[in-house]
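Remarks on the structure that follows.
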Number of protein chains: 2
Amino acid sequence: MTIEETSAFTPRFNEAGLLPVVAQEAGTGRVLMVAWANREAIDLTLKKGEAHYWSRSRSEMWHKGATSGNVQKVVRVLTDCDQDTLIYEVEQQGPACHTGRETCFYREVTAEGLSAAT
Amino acid sequence: MTIEETSAFTPRFNEAGLLPVVAQEAGTGRVLMVAWANREAIDLTLKKGEAHYWSRSRSEMWHKGATSGNVQKVVRVLTDCDQDTLIYEVEQQGPACHTGRETCFYREVTAEGLSAAT
């Protein structure tokens with residue numbers, strides 16, 4: 001059984017033991033942020049039902065919202081075909097972005113630079 | 001002006017000169033795939049209006065759909081707060097996934113393994 005068709009979860013991490021995770025808002029489909037997870041972060045997310053990531057800047061487990069209260073209740077976790085990327089489908093409490101905005105994707109890229117996404 | 005507030009596009013690539021790109025279907029918000037782009041792929045995407053990525057497996061520029069016809073017409077490009085991830089908002093022609101499925105995210109991850117996402 002190929003990695004695309006198997007029912008075994010065998011995530012393919014990068015050389016740092018991480019894979020990217022897209023946090024997507026349940027219901028709206030809005031992409032809130034992209035972060036990274038290692039095996040332990042995925043296991044904690046599945047077990048606790050709240051999003052866990054690996055903070056690359058702090059080199060530590062990151063239970064999002066543990067201090068701010070802006071937790072992400074995980075509705076489901078999806079994997080892509082070759083199992084090197086996940087989606088956390090979440091119900092976001094408060095803003096997802098550290099700037100205080102609801103989503104991290106608040107700017108559009110054009111040939112002229114960045115502008116506010118409408 | 002911080003990287004979060006500037007109107008200058010100064011993408012932060014990883015050590016391989018790449019950043020992750022979420023391809024999201026315009027209108028539905030469905031996440032179709034996650035791939036990687038270098039500076040040239042981003043520039044080509046903005047210039048041509050069709051999604052370009054860097055193929056890590058083939059180590060070459062990847063104009064998605066150039067051979068299969070399954071191109072992604074790019075409606076807009078968004079960046080996240082710290083400019084290390086992009087969203088290509090696209091109109092997908094044909095299936096996005098190399099397995100022939102509409103999206104690469106067709107399986108749910110649970111503690112028991114993978115099952116078809118409904």
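Once region B:37-66 is narrowed to residues that are assigned to a helix (DSSP H, G or I) and acidic (Asp, Glu), the residue that is nearest to the other protein chains (Cβ to nearest Cβ) is B:Asp43. Residues in region A:22-50 that are touching a Lys or Arg at 6+ places or on another chain (Cβ under 7 Å) and more than 15 Å from A:Thr85 (Cα to Cα): A:Gly29, A:Gly49, A:Glu50. Residues satisfying the criterion are present in region A:11-19 (criterion: surrounded by 14 or more Cβ atoms within 10 Å (Cβ to Cβ) and within 14 Å of the chain's Cα centre (by Cα)).
Specify the residue that is surrounded by the most Cβ atoms within 10 Å (Cβ to Cβ); the eligible residues are those in region B:67-109 that are farther than 15 Å from B:Tyr53 by Cα, free of Cβ contacts under 8 Å to residues at least 24 places away in the same chain and more than 7 Å from every other protein chain (Cβ to nearest Cβ). Looking at residues that are farther than 15 Å from B:Tyr53 by Cα, free of Cβ contacts under 8 Å to residues at least 24 places away in the same chain and more than 7 Å from every other protein chain (Cβ to nearest Cβ), I get B:Tyr106. For B:Val22, the test of being without any contact (Cβ under 8 Å) to a residue 60 or more places away in the chain and buried (at least 16 other Cβ atoms within 10 Å of the Cβ) is failed. Of all the residues in region A:30-84, those that are over 12 Å from the mean Cα position of the chain (by Cα), among the polar types (S, T, N, Q) and on the phi < 0 side of the Ramachandran plot number 4. Scanning region A:72-96 for residues that are among the hydroxyl-bearing types (Ser, Thr, Tyr) and part of a strand (DSSP E or B) returns A:Thr79, A:Tyr88. Of the residues making up region A:55-86, those that are touching a helix residue (DSSP H, G or I) at 6+ places or on another chain (Cβ under 8 Å) and of a type in the set (A, V, I, L, M, F, W, C) are A:Met61, A:Trp62, A:Val74, A:Val77, A:Leu86.
Considering the conditions (1) within 26 Å of B:Thr2 (Cα to Cα); (2) assigned to a helix (DSSP H, G or I), A:Gln24 is excluded by exactly one of them, (2).
Readers should treat all values here as calculations from the given coordinates under stated rules, not as data from a laboratory. Note that the structure is predicted; figures quoted are calculated from it, not measured. Reconstructed Cβ throughout: ideal geometry from the backbone, glycine too, with neighbour counts over all protein chains shown.
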